[in-house]
Amino acid sequence: MDNETPPDRLSADPGSPFHDAALLGRGVGIRFKGVEKDNVEEYCVSEGWVRVTIGKTMTRRGSPMTMKLQGPVEPYFKS
């Protein structure tokens, strides 16, 4: 992986095996179906999906409620 390409899969949840605080601190933007999204919790480019938060709704464990959407995903570094 080079320094200008985000990973195939990344999660904002610290409990996930796909969480990478250093990459998230650098700033990763997501284009989903050509539209800029700022509520993405997790994405996977190869499988073609994103997990987005649903408002301020929380699960019983206190994490944000999410919904999985299928489609083309384009991650990029903001800086």
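Per residue, the chain exposes 67 Å² of accessible surface when a 1.4 Å probe is rolled over the protein heavy atoms with every protein chain present. Normalising the average separation of contacting C-alpha pairs (under 8 angstrom, six or more residues apart) by the number of residues puts the relative contact order of the chain at 33 percent. Rounded to the nearest 500, the 222 nm mean residue ellipticity of the chain from helices alone is -1500 deg cm²/dmol, with -39,500 (n - 2.57) taken per DSSP H run of at least 4 residues. Measuring nothing but protein heavy atoms, the accessible surface of the chain at 1.4 Å probe radius is 51 percent carbon and sulfur. Annotation: Cα Rg of the chain relative to the compact-globule expectation 2.2 N^0.38 Å equals 1.06. Note on residue 68: aspartates and glutamates with a C-alpha under 18 Å away, same-chain residues under 8 apart excluded, are 8, 13, 36, 38, 41, 42, 47.
The values are calculated or read from the model by the stated rules, or taken from the named source; none is laboratory data. What you see is a predicted model; the values in this text were computed from it and never measured. All accessible areas refer to the heavy atoms of the entire protein, side chains included, with ligands and DNA or RNA removed. Shrake-Rupley method; radii C 1.70, N 1.55, O 1.52, S 1.80 Å.
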